[in-house]
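The values are calculated or read from the model by the stated rules, or taken from the named source; none is laboratory data. These numbers come from a predicted model, not from an experiment. When we count neighbours, we look across all protein chains shown, and the Cβ atoms used for this are built from the backbone with ideal geometry, even at glycine. Remember, those area values only see protein heavy atoms, side chains included, never the ligands or the DNA or RNA. Shrake-Rupley method; radii C 1.70, N 1.55, O 1.52, S 1.80 Å.
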Amino acid sequence: MAEAPAKPKTAPATSGAALEITDSRTTKTYSVPITDGAIRANDLKQINTGAADDPGLMSYDPAFLNTAACRSAITYIDGDKGILRYRGYPIEQLAENATFLEVAWLLRHGELPNQGEYDQFVHDITYHTYVHENMRKFLEGFRYDAHPMAMLNSTVAGLASFYPSSRNIFDPEERNISIIRLLAKVPTIAAFCYRHVKGLPFIYPDNDLSYVENFLSMVARMSESKYKANPIFTRALEVLFILHADHEQNCSTSAVRAVGSSHVDPFSAISAGIAALFGPLHGGANEQVLRMVGDIGDVKNVPKFIEEVKSGKGQKLMGFGHRVYKSYDPRAKIVKNLADEVFKVVGVDKDLEIALELERIALQDDYFVSRKLYPNVDFYTGLIYRSMSFPTDFFTVLFAIGRMPGWLAQWEEMLLDKEQKIARPRQIYTGPAERPYKSALSAPSRGKSTKQKDALRQ
Ligand code: CMC
């Protein structure tokens with residue numbers, strides 16, 4: 001006879017909504033509260049077989065396909081409807097009207113800055129753009145062909161050694177100055193990485209220029225006393241930075257939060273985000289789009305390439321698909337319009353023709369349509385960056401500059417969230433059971449290692 005259902009072991013949610021679970025192993029029934037459309041994985045622990053070594057039920061979710069790891073008030077995405085909002089403001093309105101630094105303030109503080117707050121913020125950022133001269137020596141040590149993301153990543157991590165007090169992460173003033181320093185110095189470091197690869201002298205920041213103009217000046221200025229950026233390029237870059245500023249719990253932001261949850265300094269946590277962004281499935285996709293277009297080589301090769309993608313034998317169609325957006329990526333829509341404006345200035349070339357043909361064919365092909373694969377933001381950003389003469393391996397660095405305010409806002413939100421602890425997922429162990437040690441090495445090798453051990457002991 002089946003046992004009578006056990007009484008619920010957890011208090012019901014205040015709303016009263018609960019998930020009734022019957023464990024077929026024991027026929028016991030449990031009630032797990034539902035709050036904000038989620039159950040707490042920890043509430044599953046009470047479900048066990050009664051065996052002494054049963055730690056209780058876990059949820060298994062490789063790649064976090066359906067696990068919320070935090071509560072966040074920063075960015076809202078509805079992937080089915082193609083909605084992206086920062087602190088409630090639609091991305092379309094911010095891209096059209098706001099400045100990047102206004103958005104950076106908004107992401108951190110939750111409200112748009114008033115004039116006084118904005119002026120002070122711009123002033124603080126402007127006057128922290130210089131980096132220590134040792135930093136430039138550090139950069140000079142990289143090889144001429146070092147990838148700029150590798151340089152950016154390690155240099156940002158290196159900033160922790162210049163600001164040891166940044167480890168006082170629960171001091172609001174220390175947090176504030178670290179945030180200002182990262183927003184201010186990352187464009188300078190990025191530009192230095194660019195100049196290093198090109199073998200050009202480093203250009204110091206110009207405090208008379210706006211955030212984006214100053215960055216372009218540090219990248220492109222030669223012998224002229226004052227750099228004048230093309231206003232269309234300046235605006236395009238400002239909009240691209242805004243579009244990249246945050247994207248809730250993506251791979252790099254999750255990396256920043258996870259590393260930051262160990263209470264390390266912000267420079268180290270942010271460098272983890274830069275490392276994650278480097279990957280070709282994340283921010284590195286914009287670089288891969290251009291490499292893919294280069295490999296295709298000619299518009300006439302596009303149908304063959306698409307067939308290879310569909311067969312699974314070739315590479316993926318880079319710049320297509322998204323974990324969250326399943327109707328369209330709202331950022332891609334804005335970037336496409338931006339691309340049209342930039343191409344009016346620089347003209348359409350062979351690579352752009354190939355990209356547009358890829359997009360045209362993929363958008364009407366059942367393989368991509370049935371899997372809800374649409375162009376993502378990275379499909380077009382690389383094309384814009386290239387038309388502005390940025391080298392391909394620099395594209396992800398531009399993404400990193402844009403993502404900085406989001407990483408920082410999410411890092412601080414995580415630190416101040418009383419529910420957060422050091423990130424530490426569970427696992428399902430699949431390795432061997434306990435077994436006795438039996439060396440597979442030959443006797444002389446073992447002898448040598450023993451001698452080395454002895455030497456170490458002395
Ligand atoms: N080209 C061809 N097939 C694809 C692609 C693609 N770009 N993306 C997904 N698929 C297929 C995939 O093979 C799978 O097919 P099937 O069901 O037959 O096995 C199906 O679509 C579902 O894909 P998935 O791998 O389960 O999707 P995911 O959510 O795990 O991956 C993604 C999302 C963005 C990593 C993936 O779409 C991808 O690799 N795209 C190319 C890289 C890219 O453009 N990344 C930039 C993302 S946007 C910027 C950012 O936030 O970083």
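Some points to look at:
- Residue ID - nearest to N66 (Cα to Cα), chosen from residues in the range 321-333 that are assigned to a loop (DSSP other than H, G, I, E, B), within 12 Å of the ligand (Cβ to nearest atom) and open to solvent by less than 60 Å² (accessible area, probe 1.4 Å): V324
- All helices (runs of 4 or more DSSP H) inside the range 37-148 with 3 or more residues being open to solvent by 70 Å² or more (accessible area, probe 1.4 Å): 91-97, 115-126, 133-140
- Cross-chain or 6+ apart pairs with Cβ under 8 Å, the range 122-140 first and within 16 Å of M218 (Cα to Cα), then open to solvent by 30 Å² or more (accessible area, probe 1.4 Å) and part of a loop (DSSP other than H, G, I, E, B): T126/N207; Y127/N207; T129/N207; Y130/Y204
- Hey, M318 within 14 Å of the ligand (Cβ to nearest atom), assigned to a loop (DSSP other than H, G, I, E, B) and outside the structural domain of F192 (by TED's automatic domain parsing) or not: yes
- Just one of the listed residues (F215, F192, F233) is touching a Leu at 6+ places or on another chain (Cβ under 8 Å), part of a helix (DSSP H, G or I), modelled with pLDDT under 95 and open to solvent by less than 60 Å² (accessible area, probe 1.4 Å), namely F233.
- Given (1) surrounded by fewer than 22 Cβ atoms within 10 Å (Cβ to Cβ); (2) within 13 Å of the ligand (Cβ to nearest atom), index of the condition H244 fails: (1)
- Only listed residue being surrounded by 21 or more Cβ atoms within 10 Å (Cβ to Cβ) and of a type in the set (S, T, Y), chosen from S271, S262: S271
- Filtering G402, G406 for residues that are in contact with a Ser or Thr (Cβ under 8 Å, 6 or more places away or on another chain), within 16 Å of the ligand (Cβ to nearest atom) and either assigned to a helix (DSSP H, G or I) or hydroxyl-bearing (S, T, Y) (or both) leaves a single hit, G406.
- Residue check, L106 among the hydrophobic types (A, V, I, L, M, F, W, C) and without any contact (Cβ under 8 Å) to a residue 40 or more places away in the chain: yes
- Inside the range 345-377, residues that are touching a helix residue (DSSP H, G or I) at 6+ places or on another chain (Cβ under 6 Å), open to solvent by 20 Å² or more (accessible area, probe 1.4 Å) and within 11 Å of the ligand (Cβ to nearest atom) make up a count of 1.
- Pairs where the first residue, in the range 280-306, is under 22 Å from T253 (Cα atoms) and within 12 Å of the ligand (Cβ to nearest atom) and the second is hydroxyl-bearing (S, T, Y) and open to solvent by 10 Å² or more (accessible area, probe 1.4 Å), C-beta under 8 Å, 6+ apart: E287/T392
- Residues located in the range 334-344, provided they are away from the ligand (no atom under 13 Å from the Cβ) and touching a residue at least 60 places away in the same chain (Cβ under 8 Å): I334, L338, E341, V342
- Taking the listed residues P436, P444, the one that is modelled with pLDDT under 95 and either outside any helix (DSSP H, G or I) or not polar (S, T, N, Q) (or both) is P444, with no other qualifying.
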